[in-house]
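Just so it is clear, none of the values below were taken in a lab; they were calculated from the coordinates. Owing to the predicted nature of the structure, the values given are computational and were not obtained by experimental measurement. Counting neighbours? That spans all protein chains shown, and the Cβs are built from the backbone with ideal geometry, glycine included.
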Amino acid sequence: MEPHIELLPVQEIPRSVPEHITGSFYKAPDTFEQREMAQVIFWGDHVYWVFDFTHSGPAAIIAYNNRMEMVKRWNLRDVRYIWDIKIDLFKKTVTLWGQDNRSETFKLQDLCLSKMQDASINPPPVVKILPSAQVPGQPRPGCTRIGLGRL
């Protein structure tokens, strides 16, 4: 299953949030007005929440498994007060937008936690098996090499 974004009530924030991190979900880049619904990334059997630090530092992405146990955390470099998240499946990226319209983009591969997730963004090549009569360069039975057939 490819990664996608869903809106969840902010009351559904996981209970296992690290110390000094708060669930803040902003409505726009120039306001501290809070949303009632949070953008959450769902990807296979993991859920990714975005949190802010209580000391006004950059935000963090935290991945949880299906038992809502924290699995991994990625700290953003310079973006805080996240108000929008976009996934670009063509470019295989996720971009987080924060205060002053600053953004930070992650490769989906960098957020990948399982083989199933990897396969969803990097599917194996499709191999098409053709009957031998359709394989290029192979003459059909009964045809001459120049393709005129029998006379």
### Task
Can you give me the P(r) profile for the stretch 24-63? Cα pairs, bins 10 angstrom wide beginning at 0, each as a whole percent.
27, 51, 20, 2
### Task
Would you please give the FRET efficiency between GLN34 and ASP100, computed as 1/(1 + (r/R0)^6) with r the Cβ-Cβ distance and R0 = 25 Å, to the nearest 0.05?
0.90
### Summary
Rounded to the nearest 0.05, FRET efficiency between VAL10 and MET70 (Cβ-Cβ, R0 25 Å) equals 0.90
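Please compute the alpha carbon radius of gyration of the stretch 4-121, then divide it by the globular-protein estimate 2.2 N^0.38 Å. Two decimals is fine. Mind showing how you got there, number by number?
Working: Rg = 13.4 Å, N = 118, 2.2 N^0.38 = 13.5 Å.
Ratio of Cα Rg to 2.2 N^0.38 Å: 0.99.
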### Summary
Scoring only Lys, Arg, Asp and Glu (+1, +1, -1, -1) among other residues with Cβ under 11 Å from the Cβ of LYS107 yields 0
